[in-house]
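Before any comments, here is the structure.
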2 protein chains.
Amino acid sequence: MKKNNSSQRLLNVPPSPIRGLVPFAVAAKKQGVKIYHLNIGDPDIKTPEIMVDVLRKWSVNPIRYGQSRGEPVFIEAVKDYYHKLGHKFVKDDNIQVTSGGSEGISIAMFATCEPGDEIIVFEPFYTNYNSYATVNGVKLIPVRTFEDTGFHLPGAKVIEKKISRKTKAILITNPNNPTGTVLTKKEMELIVSLAKKHNLYVISDETYREYVYDGKKHVSLFDYMQKLPERAIVLDSMSKRYSLCGARLGMFVSLNKEIMEGVLRIAQGRLSVGLIDQYMGAKLAEVEGSYLKNVHKEYQKRRDILYQGLKKIPGVYLEKPEGAFYTVVKLPVKDSGKFCQWLLTSFRYKNETVMLAPAAGFYATSGLGKNEARIAYVLNTKDLEKAIEILRRALIEYKG
Amino acid sequence: MKKNNSSQRLLNVPPSPIRGLVPFAVAAKKQGVKIYHLNIGDPDIKTPEIMVDVLRKWSVNPIRYGQSRGEPVFIEAVKDYYHKLGHKFVKDDNIQVTSGGSEGISIAMFATCEPGDEIIVFEPFYTNYNSYATVNGVKLIPVRTFEDTGFHLPGAKVIEKKISRKTKAILITNPNNPTGTVLTKKEMELIVSLAKKHNLYVISDETYREYVYDGKKHVSLFDYMQKLPERAIVLDSMSKRYSLCGARLGMFVSLNKEIMEGVLRIAQGRLSVGLIDQYMGAKLAEVEGSYLKNVHKEYQKRRDILYQGLKKIPGVYLEKPEGAFYTVVKLPVKDSGKFCQWLLTSFRYKNETVMLAPAAGFYATSGLGKNEARIAYVLNTKDLEKAIEILRRALIEYKG
């Protein structure tokens with residue numbers, strides 16, 4: 001270590017490809033340029049009023065700590081939600097409330113791996129898994145998936161080639177961020193059978209559970225949890241389901257008692273998750289059923305607009321996204337990182353531009369995804385149409 | 001690793017001595033027993049109304065992500081607060097907002113240490129440092145302090161004996177939790193000189209900065225930060241200052257650019273701190289000056305009541321606490337863990353009892369603190385007097 005330097009592991013934490021372009025966006029905004037944000041999944045859909053009303057009617061003072069496992073009123077509401085989904089075996093003490101889905105990811109890696117252990121992921125994958133892997137000393141072993149098969153999983157043999165004695169878990173994101181892929185029942189059964197055969201954990205990030213389109217049904221790890229009681233961890237989040245990104249509410253769910261006890265000790269170390277956020281979240285039981293239906297309909301409509309619009313741009317390639325509100329598209333550029341920066345620094349159409357997330361940061365394998373970008377469709381349909389038009393014009397103008 | 005077991009490091013996360021007794025407290029409450037909580041620093045003092053009003057007037061919808069470094073409005077307010085304290089050199093980008101002081105502790109350990117590296121702490125110390133040390137693979141090296149010197153620091157030689165080639169930092173809590181000790185200028189200069197001599201970081205947890213009694217002045221690491229620009233990290237929290245424990249708001253402050261850049265990358269990985277909490281916290285600039293003065297006066301009064309009351313109990317020993325709202329007392333019992341549990345399960349006075357935190361968990365050295373407990377004086381004076389009386393009677397009745 002050089003004098004006065006930070007630890008090497010801090011230097012190893014990767015920069016966020018989603019957030020790294022923010023300074024350029026800030027500069028553009030200062031110039032009065034309007035930016036359409038296709039780069040981040042921060043939904044524009046309103047949080048249910050019944051949740052925001054919790055704030056308006058707030059009477060608890062002082063703002064005391066919550067319980068370390070989570071406030072009982074929130075845990076109860078989450079449990080009821082799982083029961084309504086058909087997973088009646090989930091009990092209160094199978095649920096640990098986390099500070100967003102993010103904390104759940106970190107804890108899952110810590111709880112299943114020793115430093116140096118490996119977790120199988122399917123690339124491209126949610127870029128922040130990289131940060132948590134670095135923080136927890138875990139090695140992510142990527143298994144590649146491809147645009148032309150809609151980023152669906154390869155067969156058992158391809159995956160098994162990557163399983164070593166150090167492999168402790170398979171991490172899936174279903175529906176997927178960044179690809180929008182929804183795993184089929186066959187794929188889920190493949191994962192579960194591999195986990196059984198090789199004695200691995202399955203960690204399933206189901207933040208986007210509600211967003212599966214074209215009438216398909218989401219196949220959850222919950223459907224297999226009782227067959228894999230010690231080895232299944234579901235990570236969940238309130239952020240995208242109820243537009244509660246800024247309320248840091250996630251759920252870590254497992255039937256493994258030893259894990260749940262250890263996770264509670266970690267939770268005690270950090271005292272509690274935000275009290276106010278939990279009381280907001282607890283209202284989920286009272287949100288009308290039509291809310292999620294309407295949100296689903298809205299995202300499917302946006303998905304359609306995005307897919308139809310992007311397909312028409314020469315040189316852009318994508319499969320129809322099946323779920324979540326992201327897709328990874330191939331762009332006719334050499335380096336999407338440079339292109340995305342150029343969009344912010346140099347390209348304007350009627351004093352507007354778009355912001356995308358370069359896809360390279362969603363791959364663990366260096367060099368992959370260089371001509372791809374992740375696009376989030378969290379804008380209203382009118383803005384989304386404008387954004388696609390701006391992207392179309394930008395790609396015509398761009399030399400690179 | 002045994003089949004189906006969690007990682008060894010998860011098993012190594014220590015249980016919280018503050019929160020481990022909670023199930024017994026819950027059981028007692030179910031029996032209708034009133035418990036006076038001397039075990040946890042969750043203040044009963046009201047959060048400033050101007051902060052709670054932020055909730056009542058809330059208009060932002062959707063509840064979007066905050067910025068990863070922290071919401072500008074909150075960072076600005078915190079910076080102004082530091083400037084008013086006289087530390088005008090603190091700039092926006094020296095401040096990283098954290099999810100409570102807790103996240104700051106974890107990040108500080110990660111940023112300064114490789115796995116296996118060591119941090120000097122003075123025991124007894126804030127028990128949750130243990131959890132974060134385990135999570136970050138850091139070894140805490142305890143230097144013992146003693147009740148009869150008010151838990152003040154030993155001389156340079158005693159500390160230097162514990163410094164090895166693996167030592168990366170000295171971690172101080174000033175004012176101290178659990179002891180209530182406030183470091184003198186001489187002690188701060190000792191720490192700073194040791195850091196310079198041995199090229200170590202100083203990590204100063206100043207959560208209780210405002211709570212220094214008897215007219216003494218707090219000597220902050222901020223006072224030395226410019227002399228130690230690459231090596232000083234101040235950890236701070238809104239929790240105790242404004243009774244915002246359940247709003248998870250902490251501050252990680254350093255002039256070291258490399259550290260601040262790396263810390264921001266970690267922050268990007270976990271997206272943001274709670275949006276609502278930050279908007280509440282941002283009102284700190286508008287809280288009347290009389291608020292903190294009154295809170296200070298109230299805690300000093302409670303400190304006096306506690307000190308006078310405990311001194312009179314035969315066999316109880318303590319020095320006068322100088323700051324924060326905790327003290328570690330010697331009790332006439334063999335095992336304070338058992339005693340604290342007995343208080344909850346078996347002792348009642350007029351159907352009431354008290355809850356204390358056994359001190360053993362605040363020591364890293366096994367066997368120390370077994371006849372000590374941490375007492376928090378966050379109850380109103382009337383309840384505090386009752387709690388002391390109950391403790392007095394319990395100690396007479398207890399056989400152990």
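Between B:LEU331, B:LEU310, B:LEU318, B:LEU343, which is under 21 Å from the mean Cα position of the chain (by Cα) and aliphatic (A, V, I, L, M)?
Going through B:LEU331, B:LEU310, B:LEU318, B:LEU343 in turn, just one is under 21 Å from the mean Cα position of the chain (by Cα) and aliphatic (A, V, I, L, M): B:LEU318.
Check A:VAL202 against each of (1) closer than 14 Å to A:ILE105 by Cα; (2) within 14 Å of another protein chain (Cβ to nearest Cβ); (3) in contact (Cβ under 8 Å) with a residue 40 or more places away in the chain and name the one condition it does not meet.
All conditions pass for A:VAL202, except number (3).
For residues in region A:54-66 being in contact (Cβ under 8 Å) with a residue 24 or more places away in the chain and more than 7 Å from chain B (Cβ to nearest Cβ), which is nearest to A:LEU284 (Cα to Cα)?
Of everything passing the filter in region A:54-66, A:VAL54 is nearest to A:LEU284 (Cα to Cα).
Got a sec? Which of B:LYS320, B:LYS338, B:LYS301 is assigned to a helix (DSSP H, G or I) and within 19 Å of B:VAL182 (Cα to Cα)?
Exactly one of B:LYS320, B:LYS338, B:LYS301 is assigned to a helix (DSSP H, G or I) and within 19 Å of B:VAL182 (Cα to Cα), namely B:LYS301.
Quick check: is even one residue across region B:289-304 over 29 Å from B:GLU147 (Cα atoms), buried (at least 22 other Cβ atoms within 10 Å of the Cβ) and within 14 Å of chain A (Cβ to nearest Cβ)?
Among the residues of region B:289-304, not one is over 29 Å from B:GLU147 (Cα atoms), buried (at least 22 other Cβ atoms within 10 Å of the Cβ) and within 14 Å of chain A (Cβ to nearest Cβ), which makes the answer no.
Only one of B:ARG56, B:ARG19 is among the charged types (D, E, K, R), farther than 30 Å from A:LYS227 by Cβ and touching a Lys or Arg at 6+ places or on another chain (Cβ under 8 Å). Can you tell me which?
From the options B:ARG56, B:ARG19, the qualifying one is B:ARG56.
Would you pick out the residues in region B:27-51 that are modelled with pLDDT under 95 and either facing another protein chain (nearest Cβ under 7 Å) or out of contact with any helix residue (DSSP H, G or I) (no Cβ under 9 Å at 6 or more places or on another chain) (or both)?
Once the filter is applied, which keeps residues that are modelled with pLDDT under 95 and either facing another protein chain (nearest Cβ under 7 Å) or out of contact with any helix residue (DSSP H, G or I) (no Cβ under 9 Å at 6 or more places or on another chain) (or both), region B:27-51 yields B:ILE40, B:GLY41, B:ASP42, B:PRO43, B:ASP44, B:ILE45.
Which one of these is over 22 Å from A:TYR81 (Cα atoms) and either buried (at least 24 other Cβ atoms within 10 Å of the Cβ) or assigned by TED's automatic domain parsing to the domain that holds A:GLY41 (or both): A:THR207, A:THR179, A:THR184, A:THR167?
So the residue among A:THR207, A:THR179, A:THR184, A:THR167 that is over 22 Å from A:TYR81 (Cα atoms) and either buried (at least 24 other Cβ atoms within 10 Å of the Cβ) or assigned by TED's automatic domain parsing to the domain that holds A:GLY41 (or both) is A:THR179.
Among residues belonging to region B:223-274 that are in a loop (DSSP other than H, G, I, E, B), touching a strand residue (DSSP E or B) at 6+ places or on another chain (Cβ under 9 Å) and charged (D, E, K, R), point out the one that is farthest from the other protein chains (Cβ to nearest Cβ).
Among those that are in a loop (DSSP other than H, G, I, E, B), touching a strand residue (DSSP E or B) at 6+ places or on another chain (Cβ under 9 Å) and charged (D, E, K, R), it is B:ARG231.
Against the definition (among the basic types (Lys, Arg), surrounded by fewer than 21 Cβ atoms within 10 Å (Cβ to Cβ) and not assigned by TED's automatic domain parsing to the domain that holds A:ARG348), how does A:ARG64 come out, yes or no?
Answer is yes for this residue.
Filter region A:275-288 for residues that are away from chain B (no Cβ under 13 Å) and either surrounded by fewer than 22 Cβ atoms within 10 Å (Cβ to Cβ) or free of Cβ contacts under 8 Å to residues at least 24 places away in the same chain (or both) and give the result.
A:ALA282, A:ALA285, A:GLU286, A:VAL287, A:GLU288
Counting only residues that are under 25 Å from the mean Cα position of the chain (by Cα), closer than 30 Å to A:GLY269 by Cβ and not polar (S, T, N, Q), how many does region A:41-82 have?
15
Quick check on this structure: which one of B:GLY323, B:GLY367, B:GLY337, B:GLY400 is within 30 Å of B:LYS217 (Cα to Cα) and among the small types (Gly, Ala, Ser)?
B:GLY323
Restricting to strands (runs of 3 or more DSSP E) lying wholly in region B:69-153: which have 2 or more residues that are closer than 16 Å to B:LYS168 by Cα?
Output list reads B:118-123, B:139-144.
Restricting the search to region B:152-184, which residues are in contact (Cβ under 8 Å) with a residue 24 or more places away in the chain, over 16 Å from B:VAL234 (Cα atoms) and within 14 Å of chain A (Cβ to nearest Cβ)?
Once the filter is applied, which keeps residues that are in contact (Cβ under 8 Å) with a residue 24 or more places away in the chain, over 16 Å from B:VAL234 (Cα atoms) and within 14 Å of chain A (Cβ to nearest Cβ), region B:152-184 yields B:LYS166, B:THR167.
Kindly indicate which of B:ILE119, B:ILE95 is surrounded by 24 or more Cβ atoms within 10 Å (Cβ to Cβ), in contact (Cβ under 8 Å) with a residue 60 or more places away in the chain and not charged (D, E, K, R).
B:ILE119
Looking only at region A:193-216, count every residue that is part of a loop (DSSP other than H, G, I, E, B) and either within 19 Å of the chain's Cα centre (by Cα) or of a type in the set (Phe, Trp, Tyr) (or both) and tell me the total.
Total meeting the criteria: 7.
Condition first: among the aliphatic types (A, V, I, L, M) and assigned to a strand (DSSP E or B). Now tell me which residues in region A:364-390 satisfy that.
A:ALA373, A:ILE375, A:ALA376
Across region B:349-377, which residue is surrounded by the most Cβ atoms within 10 Å (Cβ to Cβ) among those that are in contact (Cβ under 8 Å) with a residue 24 or more places away in the chain and out of contact with any helix residue (DSSP H, G or I) (no Cβ under 8 Å at 6 or more places or on another chain)?
The qualifying residue surrounded by the most Cβ atoms within 10 Å (Cβ to Cβ) is B:PHE362.
Do the conditions hold for B:ARG69, that is, is it surrounded by 15 or more Cβ atoms within 10 Å (Cβ to Cβ), within 13 Å of another protein chain (Cβ to nearest Cβ) and over 30 Å from A:GLY20 (Cα atoms)?
no
Just one of B:LEU384, B:LEU379 is at pLDDT 95 or above and of a type outside the set (S, T, N, Q); which is it?
B:LEU384
The values are calculated or read from the model by the stated rules, or taken from the named source; none is laboratory data. This is a predicted model, so every value here is computed, not measured. Every residue, glycine among them, receives a Cβ derived from its backbone with ideal geometry; neighbour counts consider all protein chains shown.
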